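Read-outs: derived from the displayed coordinates by stated rules, not from any lab. In this text the structure is predicted, and so the values were computed from the model without any measurement. Ideal geometry is used to build each Cβ from the backbone, glycine not excepted, and the neighbour counts take in all protein chains shown.
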Amino acid sequence: MAGGKPYYLTTPIYYVNDAPHLGHAYTTVACDALARFMRLDGRRVKFLTGTDEHGQKVEKSAQAAGIDPQAFCDRVSQNFRDMTRLMNISNDDFIRTTEPRHVRGVQALWQELQRRGEIYLGRFAGWYAVRDEAFYDEGELVAGRAPTGAEVEWVEEENYFFRLSAWQERLLKFYDENPDFIAPRARRNEVVSFVKGGLRDLSISRTSFTWGIPVPGDPRHVVYVWLDALANYITALGYPETKSGDYSTFWPADLHMVGKDIIRFHCVYWPAFLMGAGLAPPNRVFAHGWWTVEGQKMSKSLGNFIAPQHLVAQYGLDSVRYFMLRELPFGSDGDFSHRAVVNRINGDLANGLGNLAQRVLSIINRNCAARLPEPGALAAADAALLDAARGLLDRLRGDFAEQAFHRALEALWQVVGDADRYVNEQAPWVLRKSDPKRMATVLYVLAEVIRHLAILVQPVVPGAAAKLLDQLAVPADRRDFAALATPLAPGTVLPKPEGIFPRFVEAPEPA
Ligand code: MSP
């Protein structure tokens, strides 16, 4: 497996100005499902996440907490690292922008841009929003605020500039030649029209505060936090070393997963910085939507954000992961409501896959001396169901390549529905007396279909899928997608079945 085709994907690195919440967990879980899928499909995966620790916003938060910025970053970064454990995230690396490997890489990138004539010293005068860490044109302001609603302040200072204006045509050509670079399509149109509207040179250093990476050769300036942050995707690969090591294996990235709020940074500035430094742009950026919570905008400032620990404690880890990836067409906005979560848990998980597995495994346990039965000749209905299960991998490959997690799960659950109908039609509990040989075939077919479902659902619900595979006595080295082709061995002794997806029962209202 280690020899497979490389696949590199990244989450945004999270600002350490605040605690992890549902939004961060969402991006990270989506990436984790992809990383797991690609590994199971034989790819050599590098999955990166981390924390964005410089800039005015973090400096201000540290001041508000009354501690030194580095100590503040250490503490909050650890909370994000803890979130990856809590959510069962399989990241291969965790980068912090205060690490020496990153600082070195950013300074090298700066020097390379300078060497190529992409940077000049000028005077900046304009609007800046600390919350977004972004500059805005006068014309973009809405009622005196950033289009995102963030407060802006007028900034005038000596800054270094990146010649972004010179990249307009080359960026448009790049989007044109790479139609899959930005997804979903609506986001692509948004970016293209922004670039067509004309690009101004971008201020890439600040002098009014010090919490950042010093500009090489001019330490009065610190590097603009977005240039610093975006570079994490290559500094984690060992940049400036490009000829060997991880950079040579994994760059360009297969996918940067981001929220829709930060698409401009990833689809305009980042490819321009990279091309400006003579480096290849990433292959794809996918911008997902935003969750509201019970119909309300979730915001750090409103204080109604949901902590991932709370979700996991209330619903269970795999249920939360499933809900996040099943509920919305990935890319759209949606609402995170208690009712919707409970419906998915009870409808799809407990009554769906959970019930199917429990039903079939209990019948085998009771009627076949807990051994996988030996199938006889297949009837048309058996072959049809097996074919549906065997057709899933190709279908899922297409869906995961497009980050359409909801479609992949829908396809899996169609087979859950097919299998349910098949159990009812075949009625193995009747066959037990009338035709035990036929019962053996029906139960074997069902076990084999459940094995397919369990293997293929691992990326989304790794814990529950592992339990299900244990119950089918599938050995640990037979759980990747290549092993789908190796059917269950009749006669194998199965452990006593146990439910894998408990129903969610509302706690009674206090009297
Ligand atoms: N530090 C920058 C990213 C730098 S990447 C080089 C940043 N960090 S962030 O912590 O503010 O947010 C990161 C991501 O969290 C957003 O892009 C988005 O993916 C996610 N979300 C934050 N709130 C969200 C929701 N309410 N819903 C879904 N995701 C949202 O931006």
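For the chain, what are the DSSP H helices with axial Cα length of 30 Å or more and mean Kyte-Doolittle hydropathy of at least 1.0?
Working: long enough: 405-426 (32 Å, -0.50); 436-457 (31 Å, 1.14).
In the chain, the long hydrophobic H runs are 436-457.
Provide the gained length on full extension for the span SER193 to LYS243, in nm with one decimal, where the gain is 0.36 nm per separating residue minus the Cα-Cα distance. Spell out each step's value before the answer.
Working: separation 50, 0.36 × 50 = 18.00 nm, distance 3.58 nm.
Contour length minus Cα-Cα distance gives 14.4 nm.
Kindly state, to the nearest 0.05, the FRET efficiency for ARG123 paired with ASP480, given R0 = 56 Å and r defined as their beta-carbon distance.
Calculated value: 0.45.
Among the lysines, select those whose C-alpha is under 28 Å from the C-alpha of LYS496, and discard any that sit fewer than 8 residues away in the same chain.
Leaving aside lysines fewer than 8 places away in the same chain, those within reach of LYS496 are LYS433, LYS437, LYS467.
Note down the nm distance, to one decimal, between modelled labels 7 Å out along Cα→Cβ at GLN70 and at VAL493.
Reported label-point gap for GLN70 and VAL493 is 5.9 nm.
Test of understanding: ordering HIS24, HIS406, HIS338 by Cβ neighbours within 10 Å, fewest first, what list do you get? Don't jump to the answer; show the numbers that get you there.
Working: HIS24 24, HIS406 17, HIS338 13.
Least crowded to most crowded, the residues run HIS338, HIS406, HIS24.
With charges only on Cβ, +1 for K and R and -1 for D and E, what is the dipole size of the range 342-476 about its Cα centre, in debye, rounded to 20? Don't skip to the end; give the middle numbers.
Numbers: 15 positive and 14 negative charges, 92 e Å.
The dipole of the range 342-476 has a size of about 440 debye.
So if each residue of separation counts as 0.36 nm, and I subtract the Cα-Cα distance between ASP387 and GLU169, what length gain in nm does that give? Spell out each step's value before the answer.
Values: separation 218, 0.36 × 218 = 78.48 nm, distance 4.93 nm.
Net length gain for the segment: 73.6 nm.
Set the Förster radius R0 to 35 Å, insert the Cβ-Cβ distance between ARG220 and GLU294 as r into 1/(1 + (r/R0)^6), and round the FRET efficiency to 0.05. The partial results should precede the final answer.
Values: r = 48 Å, r/R0 = 1.37.
Step by step, r from the Cβ atoms, then E = 0.15.
Before anything else, pin down the relative contact order of the chain: Cα pairs under 8 Å, at least 6 apart, normalised by residue count, whole percent.
Working: 807 pairs, mean separation 77.9, N = 511.
Worked out over the chain, it gives 15 percent.
Could you tell me which chymotrypsin sites (Phe, Trp or Tyr not before Pro) in the range 425-491 are loop residues by DSSP with no more than 15 other beta carbons within 10 angstrom of their beta carbon?
Details: sites: TRP429, TYR444, PHE481; in loops: none.
Here no loop site has a sparse enough neighbourhood.
Stokes-Einstein D for the chain at 37 °C, 0.692 mPa s, Kirkwood Rh over Cα pairs, in µm²/s? If you can, show how the numbers build up before the last one.
Values: Rh = 25.0 Å.
Approximately 131 µm²/s, per Stokes-Einstein.
Using only the alpha carbons, work out the radius of gyration and Dmax of the range 450-508 in angstrom.
Answer for the range 450-508, Rg first and Dmax second: 13.2, 47 Å.
Between LYS5 and SER90, what is the label-to-label distance in nm when each label sits 7 Å out along the Cα-to-Cβ direction?
1.9 nm
How large is the charge dipole for the chain, taken about the Cα centre, if only the Cβ atoms of Lys, Arg (+1) and Asp, Glu (-1) carry charge, to the nearest 20 debye? Provide the component values of the computation, followed by the final result.
Details: 57 positive and 60 negative charges, 287 e Å.
Dipole size: approximately 1380 debye.
For the range 141-222, which trypsin sites (Lys or Arg not before Pro) are both in a DSSP coil and crowded by at most 15 other Cβ atoms within 10 Å?
When the trypsin sites (Lys or Arg not before Pro) of the range 141-222 are filtered for loop state and at most 15 Cβ neighbours within 10 Å, ARG200 remain.
Ranked by Cβ crowding within 10 angstrom, fewest neighbours first, how are HIS256, HIS452, HIS310 ordered? Before the final figure, lay out the partial values.
Values: HIS256 24, HIS452 21, HIS310 12.
The fewest-first ordering by Cβ neighbours comes to HIS310, HIS452, HIS256.
What is the extension gain from LEU141 to GLU158, computed as 0.36 nm multiplied by their sequence separation minus the C-alpha to C-alpha distance, in nm to one decimal? Walk me through the numbers on the way to the answer.
Details: separation 17, 0.36 × 17 = 6.12 nm, distance 2.28 nm.
Between LEU141 and GLU158, full extension yields 3.8 nm more.
May I ask you to sort ASP382, ASP68 by Cβ crowding, counting other Cβ atoms within 10 Å and putting the fewest first?
Numbers: ASP382 22, ASP68 11.
With the fewest neighbours first, ASP382, ASP68 line up as ASP68, ASP382.
So, in nm, how far is label SER362 from label ALA379 when the simple model puts each one 7 Å beyond its Cα toward the Cβ?
2.3 nm
Report, in deg cm²/dmol and to the nearest 500, the calculated mean residue ellipticity at 222 nm for the chain, where each DSSP H run with n ≥ 4 adds -39500 (n - 2.57) and the sum is divided by the residue count.
On the way: 20 runs with 228 residues, N = 511.
After summing the helix terms and dividing by the residues of the chain, the value is -13500 deg cm²/dmol.
What would the Debye formula give as log10 I(q)/I(0) at q = 0.10, 0.13, 0.20 Å⁻¹ for the alpha-carbon point model of the range 391-511, no solvent?
Here log10 of I(q) over I(0) equals -0.38, -0.62, -1.23.
Tell me the Kirkwood radius of the range 124-207: reciprocal of the mean inverse pair distance over distinct alpha-carbon atoms, in Å.
Radius from the Kirkwood sum: 14.3 Å.
For the pairs LYS46/LYS243; LYS173/LYS196; LYS60/LYS297, flag any whose C-alpha to C-alpha distance is greater than 20 Å. The partial results should precede the final answer.
Numbers: LYS46/LYS243 18 Å; LYS173/LYS196 11 Å; LYS60/LYS297 24 Å.
Going by Cα-Cα distance, LYS60/LYS297 fall outside the 20 Å limit.
Among VAL191, ASN232, MET257, pick out the residue whose Cα is farthest towards the positive end of the charge dipole of the range 174-275, where Lys and Arg carry +1 and Asp and Glu carry -1 on C-beta, about the Cα centre.
Working it through, the farthest residue towards the positive pole turns out to be VAL191.
Report the percentage of all Cα-Cα pairs in the range 143-254 whose separation exceeds 21 Å, rounded to a whole percent.
Values: 3662 of 6216 pairs.
Across the range 143-254, Cα pairs with separations above 21 Å total 59 percent.
Give the lysines whose C-alpha is closer than 19 Å to that of LYS57, dropping any in the same chain fewer than 8 places away, or say none.
Candidates past the 8-residue exclusion: LYS300.
Give me the log10 of I(q) over I(0) for the range 229-342 at q = 0.09, 0.14, 0.21 Å⁻¹, as the Debye formula computes it from C-alpha points; what are the numbers?
Values returned for q = 0.09, 0.14, 0.21 Å⁻¹ are -0.37, -0.75, -1.08.
Report, as a whole number in µm² per second, the diffusion coefficient that Stokes-Einstein gives for the range 396-454 at 25 °C and 0.890 mPa s using the Kirkwood radius over alpha carbon pairs.
On the way: Rh = 12.8 Å.
This corresponds to a translational diffusion coefficient of 192 µm²/s.
Set Lys and Arg Cβ to +1 and Asp and Glu Cβ to -1, take the dipole of the chain about its Cα centre, and tell me which of PRO508, THR98, LEU453 lies farthest positive.
Toward the positive end, the furthest listed residue is LEU453.
Does the range 1-119 come out rounded, prolate or oblate by the C-alpha gyration tensor, with a ≥ b ≥ c the root eigenvalues, rounded set by a/c under 1.5 and, if not, prolate when a/b is larger than b/c and oblate if not? Don't skip to the answer; put the middle values down first.
Values: a/c = 2.63, a/b = 1.23, b/c = 2.14.
The shape class here is oblate.
Which number do you get for Rg(Cα) / (2.2 N^0.38 Å) in the range 89-128?
Working: Rg = 15.4 Å, N = 40, 2.2 N^0.38 = 8.9 Å.
The reported ratio for this selection is 1.72.
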